[in-house]
Amino acid sequence: MTEAPAQAPATRDAPWPVAQMSEKIAAWIDRLGQVWIEGEITQWQLRGGHVYGKLRDLQQDATVSFTVWRSVAQRLTSDFAQGDRVVALVKPNFWVKGGSLTVQVFDLSHVGIGELLERLERLRRHLQSEGLFAVERKQRLPFLPNLIGLITGKDSDAEKDVIRNATLRWPGVQFKLHYAAVQGDRAASEVTAGIEALDRDPDVDIIVVARGGGDFQNLLPFSDERVVRAASAATTPIVSAIGHEADRPLLDEVADLRASTPTDAAKRIVPDVGEELAGLDQARARLSTRVGQLLAHETDRIAQLRGRPVLAAPDRLVDERAEELVRWIARGAELADRAVEDRSRTLAETRARLTALSPQATLERGYAIAQVVNDAGEAGDVLRAPEAAPTGTTIRLSLAGGRLGAVSSGV
């Protein structure tokens, strides 16, 4: 069908083609340009870096689809999710081919509570980047604090809950109270001052910041940067007991322990005296059983040792060794006598041999040793031939019985 002129009105006999009508709608919508709109996000889907979602009117039943292209999504400084209330700079677009209306988002930000949440989220990320929420910074709570510092509203339910439940669990527990506003403009500064004052007290073992719940805006002081940094700088363990579940103030992130309610805080900062006494009774019973088992075991061991032959008849071992010792003594005496006899016999034989070889033995058989006497009267060499002693030579004769002198008379 031939497209009718744009200025021609559509009639039953000369209707517009669907494409023509769609193009006219697109042209009319395009002339609207960019506009700011406000609504609630009912759908938020991220695909390929682009965001596809729906925005619903806050008062009436009206919804429009929107698209945030990747280039715009990358510039957004906040995180968005279903249920957020936002204000958006959009340009409506009519898709001729599909006959649907969508809006292209060029800017997007939270409004109202959403804007507060956005600021809190920026502060959360900043403090987290500084490491204030790191698990390594968390301090261990004392098993039984002697003095508990409590920051809360005066005569508040939170104060009564903490004191009553802690006292029921451990009657001797002591508190040092620091009253502060827990909502409103003064709350952040007074809670900060309370944390700093109790932290300076060396007697305070733990600090509890307690409030009996409330809506989001009433809890804002517990997300104040001053409160968070004071809690982070404290050397005394901090317990956050704000009494809430849906929202998490930043104090929860930096505290050493987060309690869901003031009552829960009381149960977690002091032990239950009944449970501890029962634990002691159980430990005492286990210790008694263990000691009894150990004594019975050692008694059995002693009985077994006493039943051994060496302890049952200790003299038997001495008698056995005495008999063995007598045998060894007799054997030693026998061997010693035999060795003495052998050595005596050897000595006699050696003496006989020496005697037989001695010059004295030769002399005793009738022989004599003749020596020439010199002019000085001293005996010289032994005579071995008659020619060595001419006539008149003085000679000394050594006999078995002694010596005598003689004069050679020649051959």
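A few points about this structure:
- Shown in residue order for region 394-405 are the 3J(HN,Hα) couplings computed by the Karplus curve 6.51 cos²θ - 1.76 cosθ + 1.60 at θ = phi - 60°: 6, 10, 10, 10, 9, 10, 5, x, x, 10, 8, x Hz (x for Gly and Pro).
- Prolate/oblate/rounded label for region 143-211 (Cα gyration tensor, a/c 1.5): oblate
- Near the amide H of GLY212, within less than 5 Å, lie the amide hydrogens of ALA158, all on another chain or at least 5 residues away, with H placed in the peptide plane.
- When Rg and Dmax are taken over the Cα atoms of region 63-131, they come to 15.1, 53 Å.
- Proximal charge balance of TRP328 [Cβ under 12 Å; K/R count +1, D/E count -1]: 0
- Max-minus-min Cα coordinates of region 151-297 on each principal axis give 71, 26, 26 Å, with the largest extent listed first.
- Shape metrics for the chain, restricted to C-alpha atoms - Rg then Dmax, Å: 61.6, 204
- Site-free segments of the chain were taken between trypsin sites (Lys or Arg not before Pro) in DSSP loops having at most 15 other Cβ atoms within 10 Å, sites themselves excluded; the longest one is 187-364.
- Beta bridges per DSSP, both residues in the chain: antiparallel share near 70 percent.
- Close amide H contacts of THR393 (hydrogens built in the peptide plane, cut-off under 5 Å, sequence separation of 5 or more or a different chain): SER408.
- Loop-located chymotrypsin sites (Phe, Trp or Tyr not before Pro) in region 1-110, at most 14 other Cβ atoms within 10 Å (DSSP): TRP69
- Distance between region 301-373 and region 174-248 - C-alpha centres, whole angstrom: 102
- Vicinal HN-Hα couplings computed from phi for region 363-368 (Karplus, 6.51 cos²θ - 1.76 cosθ + 1.60; Hz; Gly/Pro x): 5, 5, 7, x, 8, 9
- Along the axis of the charge dipole computed for the chain (Cβ charges of +1 for Lys and Arg, -1 for Asp and Glu, origin at the Cα centre), the listed residues SER100, ILE29, ALA385 are led at the positive end by ALA385.
- Most mobile of ALA348, ALA210, ALA322 in a GNM of the chain (Cα contacts under 10 Å): ALA348
- Per the Cα gyration tensor, region 301-411 maps to an equivalent ellipsoid with semi-axes of 78, 13, 9 Å, ordered largest to smallest.
- Residues with amide H under 5 Å from that of GLN174, placed H, sequence gap 5 or more: ILE148
- Cα-based Lys pair tally, the chain, threshold under 23 Å, eight or more apart or on separate chains: 11
- Net charge contributed by nearby residues that have their C-beta within less than 9 Å of TRP44 (K/R +1, D/E -1): 0
Throughout, read-outs are computed from the coordinates displayed, never taken from laboratory work. These numbers were taken from a predicted model, which means no experiment stands behind them. Cβ sites come from the backbone with ideal geometry, for glycine too, and all protein chains shown count toward neighbours.
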